Structure formats: structure tokens, C-alpha cells
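This report concerns only the one structure given below.
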Amino acid sequence: MCLIFGGRALDCNRPRNESSHKTPKNMKRKINLIVIHCSATPVDHDYTPDQMTRDHMARGFNSAGYHFYVRKSGYVVHLRPLETIGAHVEGFNANSVGICYEGGMTTDGKPADTRTVQQKESLLRLVNEFRGYYPGIKVLGHRDLSPDKDGDGVVEPNEWTKSCPCFDAKKEYKIK
Ligand SMILES: [Zn+2]
């Protein structure tokens, strides 16, 4: 099932004929990176796409900064059109896609991989679908793009500006 480009409307909050579903062929923006995020909300909290959009707009964005949002149920919400540059990772927005899952914190607010089985499935489906359209596309977690403070070429855990997305996306989505 295609989630991204003209897929079933069921998986998406936009009609399939809307411009957000341009295929890579007729899209002007070059995409070569997927950045995975968490919403940094407690696992027992329902953080709706509307609330996220309001929060991001309060920070001065035009809309939610991510392209896709994966709810705890695994339901995928298409937020920002793919053609539009996201607002989710400093220095890497121009050519990337931002995918966020709901959660990333324990009930007492500590960073944790809170992904449900359904979220893991939906994230993997999205990643694989993008790989179909953009062979060789890189997949990283937000924290992997933190500044390399000691300049040794490797972003070490102590250099992570945040723990987002609270799991090792780079390792998990590595092409085996
Ligand atoms: Zn993030």
C-alpha cells in the first residue's frame, strides 16, 4: 500500500489528488535524507496533529514542521506537503523529509523509545516507500545531526543536543 504518493486516503488527512501527493518525477525539491523525530511527549499523552500544528505555529512556523506524523495507533498523518521544505532539523531541512512519531518520553518525562508495534511498522513502511522512490536515500535520527562539537567527524552520544528520536534510527534503518 502506498502511503505517500497518491496512496489510500485512509492513511492520510489530505485527498489523494492534492498537490502534496506529487510524485518525485514532478516534484522540484530534491530529497536525499529522511530525519526521524519523536514528539517528545509522554507515552500516556495523546498529542494530536492539531495541537502539534498550533504549537509549531506558536514558534513561528507556517504549519507543523514535519511532513509525516505517526500516531501511537500507527495511523500516519501527512502534515506538510513534501514539496514544501520542512522545519524540523537545523541545517538539513532543504533536502530532507521529517517524520515524527508520537511519544518519546516516559510518563514522568524521561526520554525513551516508546514506539508501539504499530508505530514501528508504519515508520518502516514509510522508510521503505521512500527508498523505493529515492534509492540510496539516507535515514538518520534527529540526534545524529547534532553538531560535531569535538570535530572528530563522529557525533557521539555526549554531543547529542537532544535525545530525539530516542532510538538509534541510523542503526535500525541501515540497509543490510
Ligand atoms: Zn527531533
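The values are calculated or read from the model by the stated rules, or taken from the named source; none is laboratory data. Given the structure is predicted, the values throughout are model-derived calculations rather than measurements. Note that we place each Cβ from the backbone using ideal geometry, even for glycine, and neighbour counts take in every protein chain shown.
Summary of values
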quantity	calculated
Subset of region 93-142 (residues that are out of contact with any strand residue (DSSP E or B) (no Cβ under 7 Å at 6 or more places or on another chain), of a type outside the set (Asp, Glu), under 19 Å from Lys170 (Cβ atoms) and surrounded by 15 or more Cβ atoms within 10 Å (Cβ to Cβ))	Asn93, Lys120, Arg125, Arg131, Tyr134
Some residue of region 156-176 being of a type in the set (Lys, Arg), in contact with a Ser or Thr (Cβ under 7 Å, 6 or more places away or on another chain), within 15 Å of the ligand (Cβ to nearest atom) and part of a loop (DSSP other than H, G, I, E, B)	no
From Thr41, Thr48, residue being of a type outside the set (D, E, K, R), surrounded by fewer than 13 Cβ atoms within 10 Å (Cβ to Cβ) and modelled with pLDDT of 70 or more	Thr48
Neighbours by Cβ (under 9 Å, 6+ apart or cross-chain): first from region 107-134, farther than 17 Å from Pro165 by Cβ; second among the acidic types (Asp, Glu)	Thr107/Asp44
Among (1) buried (at least 20 other Cβ atoms within 10 Å of the Cβ); (2) at pLDDT below 85 - the single one Lys22 does not satisfy	(1)
